[in-house]
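Here's the structure, in structure tokens; my notes come after.
Any read-out appearing in this document is the output of simple, stated calculations on the displayed coordinates, not a laboratory observation. Everything numeric here is computed off the predicted structure, so don't read it as measured data. As a convention, Cβ positions derive from the backbone with ideal geometry for all residues, glycine included, and neighbour counts pool all protein chains shown.
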Amino acid sequence: MKITILTICPDAFDSLFTLPVISRALDQDLVSIQVVDIKEYAPGSFRHIDDSPFGGGPGMVMRCQPILDALDAVSTDGSLSVALTPAGGVYSQEMAHEFSELDHLVLICGHYEGFDARILKHVDREVSIGDYILTGGETAAMVLIDSIVRLVPGVLRHESTEEESFEDGLLEYPQYTQPADYNGDKVPDVLLSGDHEKIRLWRREQALKLTRERRPDLFDQFVLTEEDKKLLENN
Ligand code: SAM
């Protein structure tokens, strides 16, 4: 998979390449990441990438030409372009899966007051990472890249993503490690029992209860199996 990032702050991505899973994916050629400086596509020595908004108001707006020329230059057959904008569809694990199956994803990072609205007519999707305002799209792009790269086949070694939160619509059950007794705070007995079926049922019950308590919005949409209903009835 190839990911291209269009940005006015290419250096912002330096630390991304040092993250263990991402650097391994890059080393093994499972993923390639291309960082493109939008300023390279702005003419003249002033690299004119922004201008004041028509109609007045504070701040600057990113101009059409440099971004659309950059997008034109990097796009490939079948590539999907995604602009990071607060007005986009809210990012989810489902989108992470969808994007991880692409051959080529192009992420476009905004800045200042955002994009000239005409730019957005040329992109395939707009994505927001939540209801808050970032200074620029770079940190949002990093959130997407981190969550996508770990789903690319072969990137995670032994780990399984299947039981992680949001994968099947539930939050993950609580996890514990050594020591079994930390200053009197003990790991649930069932996890030390060696009985795999009991452990599976306990984890399922915990995942159901945690989701019901913390994320009723997810729980309401979740279709309970007969086994799930019994686990919840027993409590
Ligand atoms: N004036 C814009 C508004 O009110 O919607 C906010 C612009 S923001 C300061 C600058 C850039 O940061 C945006 O163009 C976008 O690329 C990025 N950004 C900010 N918040 C974001 C979010 N929640 N999700 C994705 N990108 C975001």
Checklist outcome for this item: The ³J(HN,Hα) series, computed from each phi in the stretch 13-30 with the Karplus coefficients 6.51, -1.76 and 1.60 at θ = phi - 60°, rounded to the nearest Hz and given as x for glycine or proline, is 8, 3, 5, 4, 6, 8, 5, x, 5, 5, 5, 5, 4, 6, 4, 8, 6, 7
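Can you give the relative contact order of the chain as a percent, counting alpha carbon pairs under 8 Å and 6+ residues apart? Please report the intermediate quantities before stating the final value.
Working: 331 pairs, mean separation 43.9, N = 235.
Dividing the mean separation by the residue count of the chain yields 19 percent.
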Checklist outcome for this item: Hull surface over four for the Cα convex hull of the chain, reported in nm², is 17.7
Checklist entry - Tell me which lysines have Cα within less than 25 Å of Lys198's Cα, excluding those fewer than 8 residues away on the same chain? => result Lys186, Lys209, Lys229, Lys230
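Let me check I've understood the local charge: for Cys109, count other residues with C-beta under 12 angstrom from its C-beta, Lys and Arg +1, Asp and Glu -1. What total comes out? Walk me through the intermediate numbers first.
On the way: positive: none; negative: Asp37, Glu138.
Computed value for this residue: -2.
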Checklist entry - Given charges of +1 on the Cβ of Lys and Arg and -1 on the Cβ of Asp and Glu, with all other atoms neutral, how large is the dipole of the chain about its Cα centre, in debye to the nearest 20? => result 260
Checklist entry - For the stretch 70-165, what D do you get in µm² per second when you plug the Kirkwood radius from alpha-carbon pairs into Stokes-Einstein at 10 °C and 1.306 mPa s? => result 111
Checklist outcome for this item: Projected onto the charge dipole of the chain (unit charges on the beta-carbon of Lys, Arg, Asp and Glu, signs +1, +1, -1, -1), the Cα from Phe17, Ser32, Thr139 with the largest positive-side position is that of Thr139
Item to check | Rg followed by Dmax, in Å, when the stretch 163-234 is reduced to its Cα trace | outcome: 13.3, 39
Checklist entry - Under a Cβ-Cβ cut-off of 11 Å, what is the net charge of the residues other than Cys9 that fall near it, where Lys and Arg count +1 and Asp and Glu count -1? => result -3
Checklist outcome for this item: Surrounding charge for Lys229, neighbours by C-beta under 12 angstrom, Lys/Arg +1, Asp/Glu -1, total -3
Checklist entry - Which of these, Tyr176, Tyr41, Tyr112, has the largest mean-square fluctuation under a Gaussian network model of the chain (Cα springs below 10 Å)? => result Tyr176
Checklist entry - So what does the Cα-only Debye profile of the stretch 120-213 read at q = 0.22, 0.24 Å⁻¹, as log10 I(q)/I(0), no solvent term? => result -1.20, -1.25
Item to check | Pairwise centroid distance, computed over Cα atoms, of the stretch 190-228 with the stretch 87-106, Å | outcome: 27
